[in-house]
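Let me begin by presenting the structure, written as C-alpha cells, before commenting on it.
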Amino acid sequence: MIKLSVPDIGNEELEEIIKVLSSKNLVQGEKVQQFEEVLSKYLNIKYCIAVSSGTAALHLALLSLGIGKEDQVIVPDFTFPATANAVELTGATPSFVDISLDSFCIDANKIEQAINGKTKVIMPVHEFGQCADMDKIMDIARKSNLKVVEDGACALGSSYKGKKAGTMGDLGCFSFHPRKIITTGEGGMIVTQEEELAKKIISLRNHGISYINGKTCFTQPGFNYRMTDIQAAMGIAQMKKLDKIIHLRKNIVKEYSNLLGSSPNLILPIEKSYGEHTYQTYHVLLNKKLNRDYIKQLLNESLVESNIGAYALHEQLYYKNKYSFNMDFTNSEIAYTKGLALPLHSDLNYDKLQYISNILLNQL
Ligand SMILES: *Cc1c(COP(=O)(O)O)cnc(C)c1O
C-alpha cells in the first residue's frame, strides 16, 4: 500500500526519547521548555506554550480571550471539525463562512456579512498548509474590534507576505499530529506576543495552577492539557528537520504538477503569490462530472491510499441538527465532494508518483 502520509521520524527522535526515559522526568519539564524555546526562536515570537494537541491549543486560545456563552466565532465552513468543535467546547457558537476554491481557506470577502453584535473572534484556518488572506482578515478584525486566532494546525513553516503562519493574529495554534508537517505523536502549541494571554494559557493547561508570592494556588478550574517531555523531545528532533521536510514536500508537489498538470479534469493546488505553501496535504479538485468516491475506491484497489481533504462543517450531523444555515456554502460543498488528498511524504519516489498519476489519468 502506498500510504497517504508517513511521518518523517528516525533515529534522531529515538535517541532524544531514550534520553528522556533515562532521565525519568516524563511530564512537562525541561524538554517541553526547550521545545517551546526552539519554536519561539523559529517563529520569532515571545510566548510559545506547548499543549497536548492542536484541539487543546485552539480551546485554550479561545478561553484566554474570555470566549464563552453568547459569543460567536467566525470559522471557515471547510476544515477539520476540530476548528469548530473548539468553539463549541467554550460554549460559544461557530459562525461558518464559505471558502475560496483557489486557497481552500476562508473567503475574506464573505466574512463581514457574518459579523454581528455577538461576534468576538475570527478564526481563519491555513488549510492544507497555505495561509488564509491575513491582511484582509486583520483589517476586518481591527475595524470591527475582533480578535484573531489563527488555526495553523497544518501550517507550521508556512508564510504570508514574509510573516510566519501563526504570528499574525492575537494567537496562533499548531498541531503535531502525525498528519502534520512535524509530529510529536499528539501535541500542540499556542503562540502569542501577549503576556496576559500567555499567563492565562499556562495556568489553564495545568489544572488552573498559579503561583502567588511563591505559593502554589488554584485560581480557576483548569485542564490537564500538558505535553510530555517524551513528546517534546521528539519535537526538538523534528524541528531540526523542518526545512528539509518542507523542501522535500515542495519537490514532490512539483513532480505531481508535471505528471498531472495536463489533465483537463483535475485542478491542482496552487501556491498563492502572497506566501509560502508547505503542502501539509496535496489536495486536488476533480471535475464536477467525476465521482470522487469512486476514484478514491479505484486508487484503493490499486493499493494507493487517498482521502477526502476536509469537511463541510454545516453538513456534519452535530452542526446540521443544532443550527439552521442561511449562508451560501457553494465552494465548501465543491471542496467537500470533489476534493481528493493524494499521498505526500518522503517515502515516495518518481516511480510511485508516476504509478499514482497514471491510475488517476486513466480514469479521468
Ligand atoms: C489537525 C487539525 C486540528 C486538530 O489538531 P489535533 O492535534 O489533531 O487536535 C485542528 N484544526 C485543523 C485545521 C487541523 O487540520
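The values are calculated or read from the model by the stated rules, or taken from the named source; none is laboratory data. Here the structure is a predicted model, which is why all the values come from computation and not from measurement. Here the Cβ is made from the backbone with ideal geometry for all residues, glycine too, and neighbour counts use every protein chain on show. Remember, those area values only see protein heavy atoms, side chains included, never the ligands or the DNA or RNA. Shrake-Rupley method; radii C 1.70, N 1.55, O 1.52, S 1.80 Å.
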(message) List the residues, sorted by chain then number, that are 5 or more residues from VAL97 or on another chain and whose placed amide H is less than 5 Å from its amide H.
(response) VAL75, ASP77
(request) Calculate, axis by axis, the spread of Cα positions in segment 40-136 along the three principal axes, and write the results as whole Å, longest axis first. (result) 35, 33, 22
(request) Return the subset of LYS250/LYS296; LYS69/LYS163; LYS164/LYS296; LYS180/LYS272; LYS147/LYS320 for which the Cα-Cα distance in this structure is over 28 Å, preserving the input order. (result) LYS69/LYS163; LYS164/LYS296
(message) Order 30-36, 316-322, 103-109, 122-128 from most to least packed using the mean count of other Cβ atoms within 10 Å.
(response) 122-128, 103-109, 30-36, 316-322
(message) Using each residue's phi in segment 70-87, evaluate 6.51 cos²θ - 1.76 cosθ + 1.60 at θ = phi - 60° and report the 3J(HN,Hα) Karplus result to the nearest Hz, with x for Gly and Pro.
(response) 6, 8, 10, 10, 7, 9, x, 6, 9, 6, 6, x, 3, 4, 7, 4, 4, 5
(message) Could you tell me the calculated FRET efficiency between THR337 and ASN224, based on Cβ-Cβ distance and R0 = 45 angstrom, to the nearest 0.05?
(response) 0.70
(request) Taking amide H positions as placed in the peptide plane 1.01 Å from N, state which residues far from ASN307 in sequence (5 or more) or on other chains have amide H under 5 Å from it. (result) ALA341
(request) Would you check the accessible area of ASP135, probe 1.4 Å, heavy atoms only, in square angstrom rounded to 10? (result) 60 Å²
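Could you report the chain's accessible area per residue, 1.4 Å probe, as an integer in Å²? Mind dumping the intermediate values first?
Details: 16140 Å² over 364 residues.
That works out to 44 Å² for each residue.
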(message) Just to be sure I understand the model, the point goes 7 Å from the Cα along the line to the Cβ. What's the resulting LYS161 to LYS320 distance in nm?
(response) 3.9 nm
(request) Counting helices only, and only those DSSP H runs with n ≥ 4, report the 222 nm mean residue ellipticity of the chain as the sum of -39,500 (n - 2.57) divided by its residues, in deg cm²/dmol to the nearest 500. (result) -12000 deg cm²/dmol
(message) If I take R0 = 22 Å and measure r between the Cβ atoms of SER210 and ILE45 in this structure, what FRET efficiency does the formula 1/(1 + (r/R0)^6) give, to the nearest 0.05?
(response) 0.40
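Taking a quarter of the surface of the convex hull around the Cα atoms of segment 219-275, what do you get in nm²? The partial results should precede the final answer.
Details: hull surface 33.2 nm².
Averaged projected area of segment 219-275's Cα convex hull equals 8.3 nm².
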(message) For segment 27-81, place one equal point scatterer on every Cα, skip the solvent, and apply the Debye formula. What is log10 of I(q)/I(0) at q = 0.30 Å⁻¹?
(response) -1.19
(message) Ignoring solvent entirely, what values of log10 I(q)/I(0) come out of the Debye formula for segment 209-250 at 0.22, 0.28 Å⁻¹ when each Cα is a single scatterer?
(response) -0.79, -0.92
(request) Rank-order 234-245, 181-192, 296-307 by packing density, defined as the average count of other C-beta atoms within 10 Å over each peptide's residues, highest first. (result) 181-192, 234-245, 296-307
(request) Using 0.36 nm per residue of separation minus the Cα-Cα distance, give me the extension gain between MET327 and ASN287 in nm, one decimal. (result) 12.0 nm
(request) Mind ranking 343-351, 202-210 by how tightly packed they are, going by the mean number of other C-beta atoms within 10 angstrom, highest first? (result) 202-210, 343-351
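Considering only protein heavy atoms and a 1.4 Å probe, what is the carbon-and-sulfur percentage of the accessible area of the chain? Working shown, then result.
Numbers: 7900 of 16140 Å².
Result for the chain: 49 percent of the exposed heavy-atom area is carbon or sulfur.
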(request) Would you mind giving the three semi-axes, in whole Å and largest first, of the ellipsoid equivalent to segment 242-362 according to its Cα gyration tensor? (result) 27, 18, 14
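Evaluate the Kirkwood expression for the hydrodynamic radius of segment 11-239, namely the inverse of the mean inverse distance over all pairs of different C-alpha atoms, and round to one decimal in Å. Show your work: numbers first, answer last.
Working: mean 1/r = 0.0565 Å⁻¹.
Final number for the Kirkwood radius of segment 11-239 is 17.7 Å.
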(request) Treating only the Cβ atoms of Lys and Arg (+1) and Asp and Glu (-1) as charged, compute the dipole magnitude of the chain about its Cα centre; round to the nearest 20 debye. (result) 300 debye
